[in-house]
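Down below is the structure, laid out as structure tokens.
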Amino acid sequence: MKRPITATLIAVLYGGAAWAEVTISHGYSAFGDLKYGPDFTHFAYANPDAPQGGTIRQRQLYGATTFDSMNIFIIKGDSAPEVSHHVYDSLMVRAFDEPDALYGLVAETIEYPEDLSYIAFDMRPEARFHDGEPVTAQDVVFTIDALKTEGHPYYRNLLSDVENVTAESDLRVRFDLAPGAGSALPGDIAELAILPEHFYEANPFDESWMTPPLGSGPYELTGIDAPRTITFCKDPDYWAADLPVNVGRNNFECFAYEYFADDTVGFEAFTAGEYTMRVENRSTQWATGYDFPAIERGHVKKTILPDSRPARAQGIWFNMRQPALQDIRVRQAIEYTFNWEWTNETLFYSSYKRTDSFFENTDMEATGLPEGQELALLEEFRDQLPPEVFDEPPHEPYAGGPNPRDRGGLRAASRLLDEAGWITGDDGMRRNADGELLTLALVDDSASLGRIITPFVENLRSIGVDATFDVVNPSTWTERRQTFDFDLAFIAWAVQTNPGAELRAFYGSAAAASEGSNNLTGLADPVVDALIEKAVAAESREEVVTAARALDRVLRSKNIWIGTWHLGAHWVAVWDIFGRPEEPAPYDFNRGVDFWWLDQEKHDALVAEGALDPQI
């Protein structure tokens, strides 16, 4: 792998028999040089003179609608995702103006040999948890052991190539990695929250609980009003406040999150100033809803913030554990009933782009016919792949037409279902040879999807499928998702800039059989597994791109989802009381808010006008 230009190289006794070069560095990049040297003072997108204080109030993150647990690392309960943003520190943190670089936080340096057979971190002695206890290498060991044995399946898949983790001293921790673990894994490990072992003596790791968690990060969880609000305020003694990675960051005194099960109610609360920053997820709302008095008076501003990260893998996913959905013809037929063109034009005001790739908005998306290194890689599996993988461009989902019931698509869907043995009876419903009804339920915990899903369901019913859109409460949906008790699910996953071991959790065979995993479809395919391992073991960015394009092409040939839409930016509305860097970080949005600050003069002006409650 290419070493950072600022790394120190030393020779060490390697394997007890030979000397080898080892890199010791303040930062890590899977492929390429680091932008920031060891003496950097702050990230370029941070304002080192940002004012401190005030509260930013937001709607809940990631579409969550409720919470009943503060333990975010296991599958039990509905945990509050905001905890991970504020409470915990990690060994290293990402620079959001580089695609894959990390710099030391709890870790002062990272050490690794050329073959990445191990990584080791020397930790800062001043690191402290909020109760004053030191952060030690043993806490890191505890964290990894807990995540691998009792954590969410995502972590178990991510860390499967960690063969051993050892506290070599109180402040040095070593990870021994499996051969071919890949250059992305050190960064994944370095980003994990460090958990205090002593906290879990009274709070079992494998249970859900509402106890405020203990961490070493900049904020403490100071207020819980379940399931409505959750508040984090600064630790006045935060040990890392002045480290270069934190200069210009964590400027607000508090972060408060308001939870709304009904987003219509949530929007009304925003217009009334009950919270002050809103990321808008509904195109209709963005296009037509922002005409309330505070907008007209200039108190609320709309802005579009670009996002250079890969688009989320958002779509309607088929649960192929269900017998009817194991037939690709059935899945293809269902795809024909989702009318993207009409949906985008009529419901979305033509705001979005179609998602057809699992690596949308990146150079990892498969296009045209395979060639070069991608073709050479796919040739290894030619006898296990359908001819169209080699002879046709990658699958693109059916576009639909200008009318909600696109006749061409419905005719194609009907033909496929006939071929699959699902025949229309006298009652207009489709049954197989055993007389079983073709029944499909798309399950979600948000009725707001109804305007999109209802026309889709109606199209399915028009061709004889007993289709429903089932809205359940959040806890029920969490349980059903974890036990794969659904036919179709509308879900979006974040995609890494340099995908690696996390791909196993979404598409790998081991995850397919693991309850609570992110492999929603139940996909278990040896070629997919092999291509994932090619991406994991890649030694250059070019090899990652090659493996990802091949994986994308193969996944798309299997019709495991209906890709929906993406924006490539964020619609953001704010009460005009904030300052933010002139050049926002291109590779993150959610954590980018950490670099905003309260503009006290603007805040006081709105309060003086009576537009905003002084407590907000």
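Only residues that are of a type in the set (A, V, I, L, M, F, W, C) and either free of Cβ contacts under 8 Å to residues at least 40 places away in the same chain or in a strand (DSSP E or B) (or both): list them for segment 108-126, please.
Hits for segment 108-126 are I110, I119, A120, F121, M123.
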Please give the number of the condition G610 fails out of (1) touching a residue at least 24 places away in the same chain (Cβ under 8 Å); (2) in a loop (DSSP other than H, G, I, E, B); (3) open to solvent by 10 Å² or more (accessible area, probe 1.4 Å).
(1)
Give the residues of segment 413-430 that are in contact with a helix residue (DSSP H, G or I) (Cβ under 6 Å, 6 or more places away or on another chain) and surrounded by fewer than 18 Cβ atoms within 10 Å (Cβ to Cβ), sorted by residue number.
E419
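Within segment 40-95, track down each residue that is among the aromatic types (F, W, Y), within 17 Å of the chain's Cα centre (by Cα) and surrounded by fewer than 21 Cβ atoms within 10 Å (Cβ to Cβ). Quick ask: steps written out before the conclusion?
The initial filter retains those residues of segment 40-95 that are among the aromatic types (F, W, Y), namely 40, 43, 45, 62, 67, 73, 88.
With within 17 Å of the chain's Cα centre (by Cα) added as a condition, the list becomes 62, 73.
Once the filter is applied, which keeps residues that are among the aromatic types (F, W, Y), within 17 Å of the chain's Cα centre (by Cα) and surrounded by fewer than 21 Cβ atoms within 10 Å (Cβ to Cβ), segment 40-95 yields only Y62.
Taking the condition of being of a type in the set (D, E, K, R) and open to solvent by less than 70 Å² (accessible area, probe 1.4 Å), how many residues in segment 436-455 meet it? Outline the logic, then answer.
Within segment 436-455, the first condition is being of a type in the set (D, E, K, R), and the residues that meet it are 436, 444-445, 451.
Retained after the next criterion (residues that are open to solvent by less than 70 Å² (accessible area, probe 1.4 Å)): 444-445.
Adding up the residues that qualify gives 2.
Mind checking whether some residue in segment 115-129 is farther than 27 Å from L171 by Cβ and either of a type in the set (K, R) or modelled with pLDDT under 95 (or both)? Even if it seems obvious, please write down each step before you answer.
Residues of segment 115-129 farther than 27 Å from L171 by Cβ: none.
Looking through segment 115-129, none of the residues is farther than 27 Å from L171 by Cβ and either of a type in the set (K, R) or modelled with pLDDT under 95 (or both).
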State which residue is nearest to the chain's Cα centre (by Cα) when the search covers only segment 459-485 and only residues that are of a type in the set (D, E, K, R) and more than 21 Å from A420 (Cα to Cα).
R481
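What's the total number of residues in segment 508-528 that are within 20 Å of K148 (Cβ to Cβ) and out of contact with any Leu (no Cβ under 7 Å at 6 or more places or on another chain)?
Keep residues of segment 508-528 that are within 20 Å of K148 (Cβ to Cβ), which gives 508-519.
Now drop any that are not out of contact with any Leu (no Cβ under 7 Å at 6 or more places or on another chain), which leaves 508-511, 513-519.
Counting residues in segment 508-528 that are within 20 Å of K148 (Cβ to Cβ) and out of contact with any Leu (no Cβ under 7 Å at 6 or more places or on another chain) gives 11.
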Quick check on my filter: what residues within segment 413-463 are under 20 Å from D327 (Cα atoms) and assigned to a loop (DSSP other than H, G, I, E, B)?
A420, G421, W422, M429, N432, A433, D434, G435, E436, L438, I463
Quick check on segment 474-524: of everything there that is part of a helix (DSSP H, G or I), under 21 Å from D206 (Cα atoms) and in contact with a strand residue (DSSP E or B) (Cβ under 8 Å, 6 or more places away or on another chain), which residue is least open to solvent (accessible area, probe 1.4 Å)?
W477
Identify all residues within segment 537-589 that are among the aliphatic types (A, V, I, L, M), at pLDDT below 95, within 30 Å of H299 (Cβ to Cβ) and assigned to a loop (DSSP other than H, G, I, E, B); write none if there are none.
L567, A585
Within segment 127-226, which strands (runs of 3 or more DSSP E) (wholly inside it) include 1 or more residues that are out of contact with any strand residue (DSSP E or B) (no Cβ under 8 Å at 6 or more places or on another chain)?
162-169, 219-225
Matching residues in segment 513-542 - criterion: being without any contact (Cβ under 8 Å) to a residue 60 or more places away in the chain and more than 22 Å from E388 (Cβ to Cβ):
A513, N519
Can you say whether A311 is open to solvent by less than 30 Å² (accessible area, probe 1.4 Å), assigned to a helix (DSSP H, G or I) and small (G, A, S), as far as the supplied structure shows?
no
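Please verify whether A433 is of a type in the set (A, V, I, L, M, F, W, C) and buried (at least 17 other Cβ atoms within 10 Å of the Cβ), treating the condition exactly as stated. Explain how you work it out, then say what you get.
Details: of a type in the set (A, V, I, L, M, F, W, C): yes; buried (at least 17 other Cβ atoms within 10 Å of the Cβ): no.
In short, no.
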Selection within segment 230-281 - part of a helix (DSSP H, G or I), under 30 Å from H566 (Cα atoms), open to solvent by less than 10 Å² (accessible area, probe 1.4 Å) and touching a residue at least 24 places away in the same chain (Cβ under 8 Å)
G266, F270
So E458, is it open to solvent by 70 Å² or more (accessible area, probe 1.4 Å), touching a Lys or Arg at 6+ places or on another chain (Cβ under 9 Å) and at pLDDT 95 or above
yes
Scanning segment 1-45 residue by residue, those at pLDDT below 55, touching a strand residue (DSSP E or B) at 6+ places or on another chain (Cβ under 6 Å), farther than 24 Å from E543 by Cα and of a type outside the set (A, V, I, L, M) turn out to be Y14
Pairing a residue in segment 70-83 that is under 16 Å from I144 (Cα atoms) with any residue that is among the aromatic types (F, W, Y), where Cβ atoms lie under 9 Å and the two sit 6 or more apart in sequence or on different chains, gives N71/F205; N71/W209; F73/Y155; F73/F205; I74/F205
What residue, among those in segment 130-160 that are surrounded by fewer than 18 Cβ atoms within 10 Å (Cβ to Cβ) and polar (S, T, N, Q), is modelled with the highest pLDDT?
Q138
Select from segment 76-113 the residues that are over 30 Å from E21 (Cβ atoms), among the hydrophobic types (A, V, I, L, M, F, W, C) and at pLDDT 90 or above and list them in ascending order.
V83, V87, F96
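Just to confirm my filter: which helices (runs of 4 or more DSSP H) fall fully inside segment 315-408 and include at least 2 residues that are among the acidic types (D, E), without any contact (Cβ under 8 Å) to a residue 60 or more places away in the chain and open to solvent by less than 40 Å² (accessible area, probe 1.4 Å)?
none
The values are calculated or read from the model by the stated rules, or taken from the named source; none is laboratory data. All values derive from a computational prediction rather than experimental measurement. A quick note on method: Cβ atoms are made from the backbone with ideal geometry, for glycine too, and the neighbour counts reach across all protein chains shown. Remember, those area values only see protein heavy atoms, side chains included, never the ligands or the DNA or RNA. Shrake-Rupley method; radii C 1.70, N 1.55, O 1.52, S 1.80 Å.
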